[in-house]
Every structure is written in C-alpha cells, then in structure tokens.
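Values quoted throughout were computed directly from the atomic coordinates according to the rules given, and no laboratory measurement underlies them. Computed from a predicted model, the values in this text were never measured in an experiment. Reconstructed Cβ throughout: ideal geometry from the backbone, glycine too, with neighbour counts over all protein chains shown.
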Amino acid sequence: MKILLLHGPNLSQLGVRDPAQYGDATLDDIVKLASATGASLGATVDGFVSDDEAALVTRVHAARTDGTDAIIVNAGALTHYSHALRDALGILVGMPIVEVHLSNIHARERFRHTSVIAPACTASIAGLGIDGYRLAIDAVATIARRSGA
C-alpha cells in the first residue's frame with residue numbers, strides 16, 4: 001500500500017510555529033512517525049509539502065495514476081477555503097482520504113470550524129496532535145482492507 005502524506009501552507013514551520021497550539025513536533029517528526037507506522041502495516045508513506053495551492057492540486061491529480069492507494073491530508077489554512085483542493089480530492093472516488101489537524105479546529109476561531117475539503121474525505125481527525133497521524137495511517141489501512149484494495 002502506498003500512502004500520500006500531503007501538507008499545505010505553513011506546516012513546514014511546525015516546531016517553531018505556535019508550539020502551544022501545534023506542539024513542538026516538526027514536520028520531519030510527523031513524516032518519520034507516519035513512515036514508521038506505515039511500515040509496521042506493510043505500507044510506504046510518500047510525504048509532500050507545499051505552501052502553493054496549485055502544487056498541492058497537481059500532486060493530488062498525480063495520485064490518481066501513480067500507484068497511490070490512500071491520502072492523509074493536513075491542508076493547513078487551505079482547509080477552510082480551497083474549493084480547488086476539495087475538487088481535486090473529490091476526483092479520487094473510492095480512495096481512502098483522511099483529513100488530519102494537529103489542533104481541534106472546532107475549538108478555535110470561528111473561520112476554522114468549517115472544512116471545505118471534509119466532504120471529499122472519508123474521515124477527519126482533529127485535536128490529537130501528532131498522534132492523529134498514527135491513527136490516520138491505521139485508518140486508511142483499515143479502510144483499504146475492508147474495501148479489498
């Protein structure tokens with residue numbers, strides 16, 4: 001199983017960006033945790049990060065034909081307004097997609113309460129910090145197994 005770990009704007013700054021809200025783990029720490037979790041389930045994890053919405057959409061389009069079996073996405077601020085990313089994820093009908101947020105977006109500023117990408121995702125995990133990624137890897141593997149992928 002090949003899992004795409006997709007990160008949007010400002011997530012490359014984890015570890016220094018508001019540790020009280022996002023914790024002190026770096027993006028590299030998250031990728032290492034996701035990769036180790038994936039390996040324990042027989043999966044490989046391909047990390048991709050960009051502050052550019054177009055690059056993220058292009059990477060999602062590539063996932064349709066490059067052997068990607070599942071996506072875990074933390075779109076950062078794009079979560080709340082990127083209809084382009086939502087539409088790109090929506091093209092991947094039947095592929096397990098789990099949205100992850102380190103903080104509980106529902107307990108933060110009002111504009112963060114709505115995820116426009118959530119309708120294109122199989123599930124969402126929020127507020128569990130770095131552990132949300134471990135759970136997301138397990139979730140996409142479970143979903144793929146249940147669907148026979």
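When you count, for each residue, the other Cβ atoms within 10 Å and take the mean per peptide, how do 60-68, 123-131 rank with the highest first? Display every interim value, and only then the final one.
Numbers: 60-68: 14.9, 123-131: 16.7.
Averaged packing, sorted descending, gives the order 123-131, 60-68.
When each of THR26, THR142, THR37 is scored by the number of other beta-carbon atoms lying within 10 Å, the sequence from fewest to most is THR142, THR26, THR37.
As a proxy for reagent exposure, ARG17, ARG86 were ordered by neighbouring Cβ count within 10 angstrom, fewest first; the result is ARG17, ARG86.
So for the stretch 2-147, averaging the separation of alpha carbon pairs under 8 Å that are six or more residues apart and normalising by length, what relative contact order in percent results?
27 percent
Could you tell me the calculated FRET efficiency between ASP52 and ILE91, based on Cβ-Cβ distance and R0 = 25 angstrom, to the nearest 0.05? Before the final figure, lay out each step's value.
Values: r = 19 Å, r/R0 = 0.76.
With R0 = 25 Å, the Cβ-Cβ based efficiency is 0.85.
Distances between placed amide hydrogens fall under 5 Å for VAL49 paired with HIS7, all partners being 5 or more residues away or on another chain.
Let me know the volume per residue of the alpha-carbon convex hull for the stretch 79-149, in Å³. Before the final figure, lay out the partial values.
Working: hull volume 5.1 nm³, N = 71.
Here the figure is 72 Å³ per residue.
Think of each Lys and Arg Cβ as +1 and each Asp and Glu Cβ as -1; about the Cα centre, that makes the dipole of the chain roughly 380 debye. Summarising the strand pairing of the stretch 2-147, around 0 percent of its internal DSSP beta bridges are antiparallel.
When the helices in the chain are scored as -39500 (n - 2.57) per DSSP H run of 4 or longer and the sum is shared across all residues, what 222 nm value do you end up with, to the nearest 500 deg cm²/dmol? Please report the intermediate quantities before stating the final value.
Details: 5 runs with 54 residues, N = 149.
Result for the chain, helices only: -11000 deg cm²/dmol.
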